[in-house]
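Shown next, in structure tokens, is the structure this report addresses.
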Amino acid sequence: MDSLTEHVTPKRLATISKRDRRLLASAGLTSWAAGGVATFVSGNGSGAVALVAAGLAAGVLAGVGRWPTRVVVSGSEMYWEEVDAELKDAQEDASPEMVAELEQLRARLAALRETRGEPTSTPEDYDRQLLLAISRLRPDVRVTSAELLSPFAADFRAEADAGVIWIETKWRRTEAAPFRGRTLSSLLGGLQPSDRLLVVANAIDVEQASQLITQALGARGRVVGWRNATDDDDLLIALNDLLPLRT
């Protein structure tokens with residue numbers, strides 16, 4: 001490989017989660033191996049080279065841990081449309097478990113392509129991106145806005161077969177500032193004894209808020225730092241804890 005060049009403005013590149021990096025590495029090895037075999041058994045030389053290039057690009061991305069918008073491998077450009085198509089092809093020969101994982105990876109890729117990992121600029125934009133993420137991760141969950149805007153009520157009501165939870169979002173202009181949960185006292189006072197609460201903030205550090213919610217609600221409360229699709233793993237864990245999937 002002569003070069004791997006990423007063509008995006010260098011101010012922010014979304015981080016690839018550990019699980020997605022493992023999936024990219026696995027898909028990359030599969031594509032690379034398939035391309036190597038195709039080189040010897042197929043007359044479609046360009047297709048075999050594309051498989052090898054796609055596998056190599058996926059492997060490098062898994063190692064680098066950042067999402068660019070396109071890459072250049074040995075002078076040949078590869079856009080995300082091609083990477084997405086390669087992941088889709090990999091699903092055809094994958095195990096049922098791997099198919100689901102790859103589909104989720106493709107969905108995250110689509111979400112990151114839309115936002116390019118940029119911070120949300122308004123509370124409304126943040127809420128919109130979060131609701132899209134919930135729909136992507138748990139299609140069975142139905143989310144509606146609160147009927148009344150009040151400091152004693154959460155922003156959203158989420159319902160699934162396992163019950164109902166309340167979702168409160170906290171957006172600040174600076175993601176680097178820790179979210180301590182100081183504004184949650186009124187909301188906690190308005191909850192019923194059996195209510196479950198998920199607090200989602202666009203902050204990197206939510207440890208203090210998480211401790212506060214755990215002390216107040218125990219297993220009925222969770223706090224998640226969610227900024228974009230790279231934080232989907234944490235969001236999904238919290239959703240599954242509060243709204244378990246029925247088997």
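The values are calculated or read from the model by the stated rules, or taken from the named source; none is laboratory data. Since this is a predicted model, take the numbers as computed values, not measurements. When we count neighbours, we look across all protein chains shown, and the Cβ atoms used for this are built from the backbone with ideal geometry, even at glycine. Note: accessible area is taken over every heavy atom of the protein model, side chains too, but ligands, DNA and RNA are not part of it. Shrake-Rupley method; radii C 1.70, N 1.55, O 1.52, S 1.80 Å.
For the reader, a short list of remarks on this structure follows.
- Hits in segment 171-209 (condition: open to solvent by less than 40 Å² (accessible area, probe 1.4 Å) and among the charged types (D, E, K, R)): GLU175, ASP195
- Filter result for LEU198 (in contact (Cβ under 8 Å) with a residue 60 or more places away in the chain and in contact with a Lys or Arg (Cβ under 9 Å, 6 or more places away or on another chain)): no
- Selection within segment 179-236: residues that are in a helix (DSSP H, G or I) and charged (D, E, K, R). The member of this set that is nearest to GLU159 (Cα to Cα) is ARG220.
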